[in-house]
Amino acid sequence: MKVLSEKAISAYLTSKLSQQSILKHFQPALLKGLVVFESKPNEIVPPRIAQASNNNDSGAIHLFMPCLAPEEVGIKMITGSSGGFQGCVVVLDEFTGETQAILNAATLTAFRTALASTLGLTKVIDVSNENLLPEMCVFGVGAQSYWHTKLALTLYKQIKEVNVINRSKPNAEKLAKQLQTEYPDIKFNGFSYQTDVSEITVHGQNSSIFFGCLPSTEAAIKKEFFNTNAKYPKFVSLIGSYKPHMIELDLDLIISEFKNANVAILVDSKDHTLHEAGELIQSGIDKDGLIEISELYTKNIDPSTYTTSTNLTVQKLVGLAAMDLSIGKLIAQDTANGATEVEF
């Protein structure tokens, strides 16, 4: 049995990350998991258990999310408390139930979510697209923002400038400074979406890729941030809002350019997003207004059905245990010949 710490997972992913490894190794594994999930969604991902602690001195919420795919069996267990989220993913042998691996969930979750964002992104905007605008905007400063930025910069060599945007400008500048040390040839900026709207608008107009990683109840990503010239593709992936009252993207944009124009939004699961995603719920979007990422790869779908007249595509992800098990098992197998990590 392998026990992989957050440090070990991060080191492995960083060492293996390349444009080809994302496109040919990691993406296919995640896509396979999503395709299999959609074949029997209720059987492969049964309802999760979310319950407050029975300890009167604890304010924690415990979540247990099983996965029973034909080749990926296990469970993700995380706890939310005043200290944030902590947890693990347990990978079981699909035939015997023997524990094959236990992985710290922090970096694994951030990576597989960013990877899911790239599934839609690279399908809509080819990595060699010459019309890609040279900047990128990422909203949020947590691990999700970090890994979304890393994967995008690895895939798209055309990006020359990254704008980190957060409620707190010092925190945005802190992440920008951290990323600057890793990517010295890229320019990084830090902004506050509350005080630097005019600056963000200028940089947004020069960006093709947007990532929303904010657990917010207000729309920080404004309609005016997007370039309206149809020559340039624009793609926004939203992963920060995970409850019906939470939103990241301007609802006016969703309603006017997607719902009212009969343009579909890309999702990881229609059922799950319609239960959890505030942008979809508050905009009144139903299943007919959604396309699952797996369908982009398994069906011949006309891009005009999910791209607006200004060449904008929106993707909303809420995350599935099947994602964690697909990538968790892949990492465990890839590191099978390495030393077992016991620090968690």
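The values are calculated or read from the model by the stated rules, or taken from the named source; none is laboratory data. This one's a predicted model, so the numbers in the text were calculated from it and none came from an experiment. Positions of Cβ are generated from backbone atoms using ideal geometry, with glycine treated the same way; all protein chains shown enter the neighbour counts.
Here is a yes/no grid of residues against (1) touching a residue at least 40 places away in the same chain (Cβ under 8 Å); (2) within 19 Å of CYS213 (Cα to Cα):
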residue	(1), (2)
MET65	yes, no
MET77	no, no
ARG112	yes, yes
LEU115	yes, yes
THR118	yes, yes
SER128	no, no
SER168	no, yes
GLU173	no, yes
Within region 2-36, work out how many residues are part of a loop (DSSP other than H, G, I, E, B), polar (S, T, N, Q) and surrounded by 15 or more Cβ atoms within 10 Å (Cβ to Cβ).
1
Which listed residue is touching a Phe, Trp or Tyr at 6+ places or on another chain (Cβ under 9 Å), at pLDDT 95 or above, hydrophobic (A, V, I, L, M, F, W, C) and within 19 Å of THR335 (Cβ to Cβ), from ILE44, ILE9:
ILE9
When you check LYS76 against the structure, is it at pLDDT below 95 and buried (at least 17 other Cβ atoms within 10 Å of the Cβ), yes or no?
no
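I'm trying to understand the selection: among the residues of region 9-61, which are of a type in the set (Val, Ile, Thr) and touching a Lys or Arg at 6+ places or on another chain (Cβ under 9 Å)? Quick ask: steps written out before the conclusion?
From region 9-61, those of a type in the set (Val, Ile, Thr) are 9, 14, 22, 35-36, 44-45, 49, 61; that's our starting set.
The one that is of a type in the set (Val, Ile, Thr) and touching a Lys or Arg at 6+ places or on another chain (Cβ under 9 Å): THR14.
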Quick check on my filter: what residues within region 176-204 are among the polar types (S, T, N, Q) and either touching a residue at least 40 places away in the same chain (Cβ under 8 Å) or part of a helix (DSSP H, G or I) (or both)?
GLN178, GLN180, THR181, SER198, THR201
Of the numbered conditions (1) part of a helix (DSSP H, G or I); (2) out of contact with any Lys or Arg (no Cβ under 8 Å at 6 or more places or on another chain), VAL138 satisfies every one except a single condition; which is it?
(1)
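Pick out the one residue from ILE200, ILE239, ILE186 that is buried (at least 22 other Cβ atoms within 10 Å of the Cβ) and more than 26 Å from GLU292 (Cβ to Cβ). Show your work before the answer.
Values: ILE239 fails: more than 26 Å from GLU292 (Cβ to Cβ); ILE186 fails: buried (at least 22 other Cβ atoms within 10 Å of the Cβ).
None of the other options fit; the residue is ILE200.
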Total residues in region 120-142, condition under 19 Å from ILE221 (Cα atoms) and aliphatic (A, V, I, L, M):
5
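Can you pull out the residues in region 39-82 that are in a loop (DSSP other than H, G, I, E, B) and more than 22 Å from the chain's Cα centre (by Cα)?
The initial filter retains those residues of region 39-82 that are in a loop (DSSP other than H, G, I, E, B), namely 40, 45-48, 53-60, 69-72, 82.
Within region 39-82, LYS40, SER53, ASN54, ASN55, ASN56, ASP57, SER58, GLY59, ALA60, PRO70, GLU71, SER82 qualify.
Residues in region 109-117: is at least one assigned to a strand (DSSP E or B), under 30 Å from VAL202 (Cα atoms) and not basic (Lys, Arg)?
Within region 109-117, the subset assigned to a strand (DSSP E or B) is none.
Within region 109-117 (the criterion being assigned to a strand (DSSP E or B), under 30 Å from VAL202 (Cα atoms) and not basic (Lys, Arg)), the answer is no, since none of the residues qualifies.
Looking at this structure, is LEU253 in contact with a Ser or Thr (Cβ under 7 Å, 6 or more places away or on another chain), hydrophobic (A, V, I, L, M, F, W, C), assigned to a helix (DSSP H, G or I) and at pLDDT 95 or above? Reasoning before the result, please.
Values: in contact with a Ser or Thr (Cβ under 7 Å, 6 or more places away or on another chain): no; hydrophobic (A, V, I, L, M, F, W, C): yes; assigned to a helix (DSSP H, G or I): yes; at pLDDT 95 or above: yes.
It is false that LEU253 is in contact with a Ser or Thr (Cβ under 7 Å, 6 or more places away or on another chain), hydrophobic (A, V, I, L, M, F, W, C), assigned to a helix (DSSP H, G or I) and at pLDDT 95 or above.
Are there any helices (runs of 4 or more DSSP H) wholly within region 258-334 with 1 or more residues that are of a type outside the set (Val, Ile, Thr), more than 18 Å from PRO41 (Cα to Cα) and in contact (Cβ under 8 Å) with a residue 12 or more places away in the chain, and if so which? Step through it out loud before you land on a result.
On the way: elements: 270-276, 278-283, 293-298, 321-334.
Ranges flagged: 278-283, 321-334.
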Could you please find all residues in region 241-266 being under 17 Å from TYR306 (Cα atoms) and in contact with a Phe, Trp or Tyr (Cβ under 8 Å, 6 or more places away or on another chain)?
LEU253, VAL263, ALA264, ILE265, LEU266
Members of region 153-175 found to be surrounded by fewer than 24 Cβ atoms within 10 Å (Cβ to Cβ) and either assigned by TED's automatic domain parsing to the domain that holds LEU17 or outside any loop (DSSP other than H, G, I, E, B) (or both), listed by number
LEU153, THR154, LEU155, GLU161, LYS169, PRO170, ASN171, GLU173, LYS174, LEU175
